[in-house]
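Coordinate-derived values only; no laboratory data. Quick caveat, the model's predicted, so the values are computed rather than measured. Cβ coordinates were reconstructed from backbone atoms using ideal geometry, including for glycine residues, and neighbour counts include every protein chain displayed.
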Amino acid sequence: MIPITRKKLSKKQKFEQELEANGGLKGTTRRGFMTTAGAVAIGAVGVAGANTLQAINNGAKAAGDPIPLGAMLPFTGWGGADAKNFEIGIGMAVEEINSWGGINGRPIELHIEDTKNMSAEDVTKAAQRLIDRFGVHAIINGYNSPSVRAEYDTISDAGIPYIHDNTQYGHQFAVRDNPDKYWNIFQDDPSEYYYGPGLLYFLDSLEKSGRWKRPNNKIALFSGSIDYATTIAGGIRDYMDQFGWEFSIDDVVSQPVNDWGPSLVRVREDPPALIATTHGVPSDQTGIVTGFAEAPTNSLLYVQYALQLRSFLDIVKESGEGVFCSTTIGTLKDEMGSAFGKRVFEKYGEGATPEVVGQVYDSVYTWAIAAARAGGTGEPYDGVEQNKKVCHFLREQIYRGVVGTIKFMWGQAATPYPAETNDPSLGMPTLMMQCQKWQDPVQYVSPDLYATQDWMNPPWMKG
Amino acid sequence: MSRRDLIILVVLIAFAIAFPYMGVPRYLLTSALVMFCFATVVTQWNLVFGVAGIFSLGQLAIFAIGAYTTAVMGRYLDMNVWYTFPIAGLAGVGLSLLVGLATLRMKGVYVALLTIAIAQMMFVLIQTDTACSELNRIINPQTCISFTGGSQGLGDFGSFGWREVLGGRDAVRGDYYTMLGLLVVGVLVSFFIINSRIGLGFKALRDNPELAASRGISQFKYQLIVFGVSAFLTAVAGSFYAAKFKAVGPGILGFDLLLLLIAMLVVGGLGRAWGPLLGALVITIFREGVDNIMTEGLQWRDVIFGGIVAAVMIFMPEGLTGTLDRLWNYILIKLGFAKARSSTVTAVAQDKKAND
């Protein structure tokens with residue numbers, strides 16, 4: 001167990017502490033899992049995919065003509081902090097891959113465009129610039145979700161692979177309904193929809209392991225009012241029968257929610273086993289967490305996203321202890337992930353956030369391996385046939401990286417574990433996180449394989 | 001339109017037509033067509049703001065109405081976007097006439113406050129449009145999207161269709177010429193109005209409303225005309241913008257775009273026929289240049305941009321066209337083609353000369 005200390009630790013020290021708690025790099029039972037995890041990744045600890053590339057490159061040095069790779073990152077918009085981490089992740093992967101011989105002996109050359117506030121115009125222009133100005137053979141980035149997929153056609157026309165982390169169910173339908181048009185577009189994290197079933201699978205695992213017993217079958221659901229939140233609520237709705245749940249409350253709340261009082265009165269009149277908010281606005285969620293703590297019921301409290309933010313915990317303080325949340329993509333704190341986090345801190349200092357850096361780091365490796373297996377990359381427009389081969393390998397390969405396994409399923413989106421596969425070596429884990437001591441970072445409590453702490457029943461609950 | 005203006009216009013159009021065949025990369029065509037779109041908006045805005053002297057900041061709301069009309073009709077009625085353009089234009093005229101009526105008894109900064117409030121009200125209404133729309137449920141039962149798409153915007157409503165006609169590689173050329181056509185119409189309308197009796201009426205009301213009223217120029221009539229006329233093409237520009245990018249969100253009502261358009265007007269020269277066009281061109285070239293040169297310190301890009309706009313306002317209060325006009329007159333005088341005249345050449349005097 002991680003020793004609880006009041007001493008303020010640096011991010012690096014916390015990472016190392018968690019690494020130690022997991023058995024460090026000395027080898028644990030998880031190694032057995034990891035080394036057999038992927039058909040492609042023959043995981044050297046912490047440098048996923050490197051061995052595969054090294055084997056394919058057969059000792060070649062990255063010399064030859066560089067392969068231009070593009071990234072569209074929102075540096076000067078509200079996503080600026082994440083953009084910086086994405087830049088680190090992509091740059092780190094490119095540097096490593098080049099040191100292993102690049103792609104079939106050709107080094108990767110990175111070109112980055114700013115997408116500002118990720119409007120349709122800015123993202124489309126960024127894509128067009130990368131294609132026309134630099135002739136990129138692929139575009140890999142984090143999210144540009146507000147563009148509403150406006151850039152898809154531009155990239156589809158150029159016929160180059162595009163791998164993003166937009167976390168949108170809409171992506172899956174767009175690809176499913178237009179497979180001939182969007183054959184080259186991949187979302188390498190599971191869609192937001194899977195937060196819903198991921199939550200219910202987690203509760204099921206708590207019950208089956210005897211760590212929690214539901215007092216009744218009721219869920220009080222407060223969905224936010226944007227597509228992101230309502231899609232997550234839809235995921236809960238679709239799977240609740242399977243796990244024997246019913247709604248006591250099923251509300252869509254309009255943002256911003258300044259007063260949770262009336263909602264909490266209804267909760268207290270008919271206490272459910274679970275209160276779930278899919279309304280991911282941190283400033284609004286402080287209200288429900290602190291309001292609930294004033295007179296808690298015998299219910300679990302799930303909030304979307306906010307719990308991961310230090311500033312949120314600093315506001316809610318003790319009220320947040322026992323509250324839980326989840327993410328469909330995040331750097332694991334197992335051997336590979338922890339070693340990766342350590343490398344990120346060593347190279348880029350404590351300003352970097354390994355949990356975010358890892359997302360795109362894995363994307364670059366996924367593409368590079370597929371490209372190496374396909375015998376190289378294709379340039380925009382004229383290299384479509386070669387890029388079709390690359391995308392074929394992207395679709396069929398299984399890659400184990402620092403965020404878990406990337407295996408594309410329908411709609412060319414990453415498969416979530418456990419919602420779409422019961423095999424953790426074939427899916428990206430939906431990580432459940434819990435605040436156990438508000439002064440400390442949130443702990444990964446599920447899936448068990450990647451947990452950094454055991455689940456803690458919230459302090460307000462009976463028994 | 002003077003002979004000089006006509007020659008310049010023909011040369012510019014010929015250059016713009018040839019531009020895609022000069023070996024320029026496609027991303028420059030995208031930048032150029034966005035410039036055409038914004039230039040259309042500012043040439044129309046110039047009629048209200050510069051020529052009629054009404055300090056309206058509501059042009060962005062009209063632009064957005066056009067964009068959302070196309071998005072909504074294309075998405076929910078499955079209407080070809082080409083059919084939505086005139087409807088979008090009329091929707092823009094409707095909104096603009098309401099704004100014109102509301103600001104009839106206002107002047108100066110009060111008009112600005114009311115019109116920007118209307119644009120912000122639209123922004124908030126869209127941003128907080130959160131109820132799941134049954135129309136969207138019909139399209140895809142598994143997702144919940146509000147009628148306007150709320151903060152996430154609306155997509156999947158069609159496009160110009162050039163991809164199907166010209167293929168993916170050349171579709172941008174179709175978009176380019178479509179936007180160019182819109183701009184040419186916008187510039188011609190702008191020139192026509194500025195040099196017509198209506199335009200003179202606008203200028204009279206701007207420069208001396210009391211005298212204009214005493215000569216029988218009705219503020220009610222002329223204000224509604226200028227709001228209505230300028231709105232049609234502005235809304236169509238919004239509509240084209242939506243069709244080009246196949247997505248529309250509340251960001252198009254944001255201050256970033258508003259400030260960019262104002263900068264185009266001010267840098268080019270308020271109240272002058274060529275001002276908005278030149279402003280749009282110069283600012284687009286500047287932004288493209290900065291984007292190409294700056295790879296680090298991107299946060300300074302807007303600071304530099306702001307500094308240059310401020311410098312133009314201080315050192316060239318009549319904008320680039322005003323300065324170029326002075327320079328042109330100076331050259332003519334030096335070459336003996338014209339007589340020296342007052343150094344404070346006003347826009348009104350120049351317009352009068354053009355009309356004579």
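For the reader, a short list of remarks on this structure follows.
- Relative contact order %, the stretch A:416-459, counting alpha carbon pairs below 8 Å whose residues are six or more apart: 24 percent
- Rounded tilt (10° steps) of B:26-46 against the dominant C-alpha axis of chain B: 60 degrees
- Amide proton proximity set for A:A413, modelled H, under 5 Å, gap of 5+: A:Q187
- Dipole size of the stretch A:366-463 about its Cα centre, with +1 on Lys/Arg Cβ and -1 on Asp/Glu Cβ: approximately 80 debye, rounded to the nearest 20.
- The mean number of partner chain beta-carbon atoms within 10 angstrom of a residue's beta-carbon across peptide B:246-259 is 4.
- Using C-alpha pairs under 8 Å with a sequence gap of at least 6, the mean separation divided by the residue count of chain B gives a relative contact order of 28 percent.
- CD proxy at 222 nm, helix term only [per DSSP H run n ≥ 4: -39500 (n - 2.57); per residue of chain A; nearest 500]: -12000 deg cm²/dmol
- Inter-chain Cβ neighbour average for residues A:113-119, partner chain, 10 Å: 4
- Percent RCO, i.e. relative contact order, over chain A, from Cα pairs under 8 Å lying at least 6 residues apart: 20 percent
- Shown here: the stretch B:18-252, whose C-alpha atoms stretch 62, 49, 25 Å along the first, second and third principal axes, sorted largest to smallest.
- Only beta bridges with both residues in chain A are counted; by DSSP, about 30 percent of them are antiparallel.
- Distance between the pseudo-spin-label points of A:K208 and B:K107 (7 Å out from Cα toward the beta carbon): 7.8 nm.
- Taking θ as phi - 60° and the Karplus parameters 6.51, -1.76 and 1.60, the scalar couplings of the stretch A:185-200 work out to 10, 10, 10, 8, 9, x, 5, 4, 3, 6, 4, x, x, x, 5, 5 Hz in sequence order, x denoting glycine and proline.
- At R0 = 25 Å, FRET efficiency that the Cβ-Cβ distance of A:K317 and A:A295 yields, to 0.05: 0.90
- Descending Cα extents along the principal axes, the protein assembly as shown, whole Å: 94, 69, 51
- Partner aspartates and glutamates for B:K334 [C-alpha distance under 16 Å; skip if fewer than 8 residues away on the same chain]: B:D325
- For the stretch B:313-319, putting each phi into the Karplus relation 6.51 cos²θ - 1.76 cosθ + 1.60 with θ = phi - 60° gives couplings of 5, 7, 8, 9, x, 8, x Hz, in residue order, rounded to whole numbers and with x for Gly and Pro.
- Derived scalar couplings between HN and Hα for the stretch A:349-360 equal x, 7, x, 7, 10, x, 4, 8, 4, x, 4, 7 Hz in order, rounded to whole Hz, by the Karplus curve 6.51 cos²θ - 1.76 cosθ + 1.60 (θ = phi - 60°), x for Gly and Pro.
- Note on B:V303 and A:M456: their simple-model spin labels are 4.3 nm apart, each label 7 Å out from Cα toward Cβ.
- In loop segments of the stretch B:208-278 as defined by DSSP, the trypsin sites (Lys or Arg not before Pro) with at most 10 further C-beta atoms inside 10 Å of their C-beta are B:R215.
- Shielding score for B:64-70, defined as the mean number of other chain Cβ atoms within 10 Å: 0
- Of all DSSP beta bridges in the protein assembly as shown, antiparallel share, percent nearest 5: 35 percent
- Cβ-Cβ FRET estimate between A:E269 and A:M409, R0 fixed at 30 Å, reported to 0.05: 0.15
- Think of it as helices only: each DSSP H run of n ≥ 4 in chain B is worth -39500 (n - 2.57), and spread over all residues that comes to -23000 deg cm²/dmol at 222 nm.
- When each of A:K208/A:K407; A:K116/B:K203; A:K208/A:K333; A:K213/A:K437; A:K218/A:K317 is checked by Cα-Cα distance, pairs over 31 Å: A:K116/B:K203
- Taken about its Cα centre, the stretch A:137-276 carries a charge dipole of about 560 debye when Lys and Arg each add +1 at the Cβ and Asp and Glu each add -1 at the Cβ.
- The modelled label-to-label distance between B:L259 and B:M313, using points 7 Å beyond Cα along the C-beta direction, is 1.1 nm.
- Low-density loop cleavage sites - trypsin sites (Lys or Arg not before Pro) in the stretch A:212-276, where at most 14 other Cβ are within 10 Å (DSSP): A:K213
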